[in-house]
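To start, the structure under review is shown below, and the notes come after it.
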Amino acid sequence: MKMTGAIIGIAILAAYVIGSGLWVNTGDNWYRNLNQPSWQPPDFIFGIIWPYNFIVLGIAAVTIAQKASTLNAVIYLAFFAFSVAFALTWAYQFYRPHNLQVASIALIGTAVLTIPMIFIAFRTSTPIALALLPYQAWVATAASLSYQYSRLN
């Protein structure tokens with residue numbers, strides 16, 4: 001089960017990376033013409049945080065699959081899968097049909113779904129849990145930004 005869990009965790013991460021790559025597009029005129037929140041981070045921050053997030057999420061999935069009890073590993077991977085589904089819903093809704101309200105709700109869901117992941121990580125590996133905290137902070141910040149975009153546009 002431990003190897004299977006690790007493979008499932010990496011597959012979830014791969015879906016996240018590929019889906020994000022397919023749907024997120026900040027270079028077109030639509031995105032550039034949106035009214036942005038005053039506290040929008042500069043573009044280079046996104047280029048720093050996402051590689052970090054993806055690497056840590058992969059390491060966390062493998063570590064938790066290998067070290068946590070089977071029940072905790074399954075629960076972690078389930079919350080991870082649902083949070084990724086919500087994050088990809090955000091990416092699609094925001095950048096394709098431009099449904100900013102649905103996108104905002106989806107990203108809030110992602111932020112909420114990552115909370116149990118952090119708790120399970122702390123029960124399994126404090127260093128992994130600490131490494132996941134920036135991801136939690138980022139999706140919470142991104143959810144707030146997304147909400148602001150939906151209000152401003």
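The dipole here belongs to the chain: it is taken about the Cα centre, uses +1 on the Cβ of Lys and Arg and -1 on the Cβ of Asp and Glu, and is about 220 debye.
Let me check I've understood the local charge: for Gln40, count other residues with C-beta under 15 angstrom from its C-beta, Lys and Arg +1, Asp and Glu -1. What total comes out?
Its environment carries a net charge of +1.
Loop-located chymotrypsin sites (Phe, Trp or Tyr not before Pro) across the stretch 1-62 with a Cβ neighbour count of 13 or fewer within 10 Å are Trp39, with loop assigned by DSSP.
Local charge for Ser69 was computed over the other residues whose Cβ lies under 14 Å away, with Lys and Arg +1 and Asp and Glu -1, and equals +3. Taking 0.36 nm per residue of separation and subtracting the current Cα-Cα distance, fully stretching the chain between Lys2 and Ala137 would add 45.8 nm. Sorted into 10 angstrom bins from 0, the C-alpha pair distances of the stretch 1-144 split as 12, 42, 32, 12, 2 percent. Between the listed residues Trp30, Met3, Ile59, the Cα displaced farthest toward the positive end of the dipole of the chain, a dipole computed from Cβ unit charges relative to the Cα centre, is found at Met3. Modelled this way, with points 7 Å down the Cα-to-C-beta line, the labels at Arg123 and Asn99 are 3.5 nm from one another. Between Tyr135, Gly19, Ser104, the Cα set farthest toward the positive side of the dipole of the chain (charges on each charged residue's Cβ, about the Cα centre) is that of Tyr135. Just report the Cα centroid separation between the stretch 86-142 and the stretch 58-80, whole Å. For the stretch 86-142 versus the stretch 58-80, the Cα centre distance is 16 Å.
The numbers here are math on the coordinates, done by the rules we state, and not lab data. Keep in mind that this is a model prediction, so the values were computed, not measured. Every residue, glycine as well, gets a Cβ built from its backbone with ideal geometry; the counts of neighbours run over all protein chains shown.
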